[in-house]
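Reviewing the structure listed below.
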Amino acid sequence: AQSVAQPEDQVNVAEGNPLTVKCTYSVSGNPYLFWYVQYPNRGLQFLLKYITGDNLVKGSYGFEAEFNKSQTSFHLKKPSALVSDSALYFCAVRGAGSQGNLIFGKGTKLSVKP
Amino acid sequence: DAGITQSPRHKVTETGTPVTLRCHQTENHRYMYWYRQDPGHGLRLIHYSYGVKDTDKGEVSDGYSVSRSKTEDFLLTLESATSSQTSVYFCAISSGRDYNEQFFGPGTRLTVL
């Protein structure tokens, strides 16, 4: 069965420092991986996805993610964090079958302090 | 929010009452989904639809039913609400083509007393 793990409930970073939000996955077949961000009292916003090709995927708001097949990881990164990046981040994998639903991790709260 | 609206945005109801949540999209997408979001669980799929009158169950479908009589509307019904159904409910759409990302509505916060 497809599954996603986000091992950190919260990540704290100082503004201007690099940030990493971790995600590992377990899938049967090729992984199709996604990152979403949720700001308070808002819906989820798509950040980026990995389907195939380059292992480093660039997305919205300066975020990128690195796909590592051997470690079954898809960590979200940003070179220089902003206070406005503070939000809840979800990693997701496409579910098995044709319905296209997503299997989500539990989420990681990112807190960026000035 | 990609042309997706949800109504109501907030609702408080009592145990045992029926509740219907509405998701409306303006972009003629084939696939629509209902998820619930709970702390410590992320988002979990309740039901989805792959066309008018075509629906199927997701991971946590017990206690929920759905209907889709028009492409633009996807309704989620709690036949007899329970306190365990207190949650934030999100509707999502996708074009249905393989590997496409989903886009989410603003959510409905439901409290069952």
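Here the accessible area of chain B is 47 percent carbon and sulfur, with a 1.4 angstrom probe and all protein chains present.
Take B:V88: with every protein chain present and a 1.4 Å probe, its accessible area is about 20 Å². Taking amide H as placed 1.01 Å from N in the peptide plane, the amide H of A:A87 sits under 5 Å from that of A:L110, each at least 5 places away or on another chain. 3J(HN,Hα) along the range B:33-39, derived from phi through the Karplus expression 6.51 cos²θ - 1.76 cosθ + 1.60 where θ = phi - 60°, amounts to 9, 10, 10, 10, 10, 10, x Hz, with x in place of Gly and Pro.
When all protein chains stay in place and ligands, DNA and RNA are ignored, the 1.4 Å accessible-area order of B:H47, B:H29, B:H10, largest first, is B:H10, B:H29, B:H47. Note on the range A:1-67: with charges restricted to the Cβ of Lys and Arg (+1) and Asp and Glu (-1), its dipole about the Cα centre is near 220 debye. Excluding ligands, DNA and RNA, the accessible surface per residue across chain B is 47 Å² with a 1.4 Å probe. About its Cα centre, the dipole of the protein assembly as shown is roughly 100 debye, where the only charges are +1 on Lys and Arg Cβ and -1 on Asp and Glu Cβ. Loop-located trypsin sites (Lys or Arg not before Pro) in the range B:19-69 (DSSP state not H, G, I, E or B) with no more than 15 neighbouring Cβ atoms inside 10 Å: B:K53. The stretch between A:R42 and A:E8, if pulled fully straight at 0.36 nm per residue, gains 10.1 nm over its current Cα-Cα span. Coupling constants for the range B:45-61 follow from the phi torsions by the Karplus curve (6.51 cos²θ - 1.76 cosθ + 1.60, θ = phi - 60°), and in residue order they are 6, 9, 8, 9, 9, 10, x, 4, 6, 10, 9, 8, 7, x, 5, 10, 8 Hz; glycine and proline get x. The residues of the range B:43-74 occluded by other protein chains by 40 Å² or more of accessible area, set against the chain on its own, are B:L43; surface from heavy atoms, 1.4 Å probe.
Taking Cα centre as origin and charging only the Cβ of basic (Lys, Arg, +1) and acidic (Asp, Glu, -1) residues, the dipole magnitude of chain A rounds to 140 debye.
Calculated accessible area for the range A:58-114 comes out at 44 Å² per residue, all protein chains present (probe 1.4 Å; ligands, DNA, RNA ignored). Charged neighbours of A:S84, selected by a Cβ distance under 14 Å, balance to +1 (K, R count +1; D, E count -1). At a probe radius of 1.4 Å, figure out the B/A buried accessible area, summed over both chains, and give it in Å² to the nearest 100. When B and A are taken together, about 1800 Å² of accessible area is lost.
Summing charges over all other residues whose Cβ lies under 10 Å from the Cβ of B:A81, with Lys and Arg as +1 and Asp and Glu as -1, gives -1. Estimated at 0.36 nm per residue, the fully extended path between A:S60 and A:S26 surpasses their Cα-Cα distance by 9.7 nm.
Normalised by the number of residues in the range B:37-113, the average gap of Cα pairs under 8 Å and 6 or more apart makes the relative contact order 23 percent. Taking Lys and Arg as +1 and Asp and Glu as -1, the other residues whose beta-carbon sits under 14 Å from that of B:V112 total 0. Look at where the Cα atoms of the range B:16-37 and of the range B:46-113 average out, and the two centres are 4 Å apart.
Ordered by solvent-accessible area of protein heavy atoms (1.4 Å probe), largest first, the residues B:D62, B:D56 come out as B:D62, B:D56.
The values are calculated or read from the model by the stated rules, or taken from the named source; none is laboratory data. Computed from a predicted model, the values in this text were never measured in an experiment. Note that each Cβ is placed from the backbone with ideal geometry, even for glycine, and that neighbours are counted across all protein chains shown. These accessible areas exclude ligands, DNA and RNA; they are computed on the full protein's heavy atoms, side chains included. Shrake-Rupley method; radii C 1.70, N 1.55, O 1.52, S 1.80 Å.
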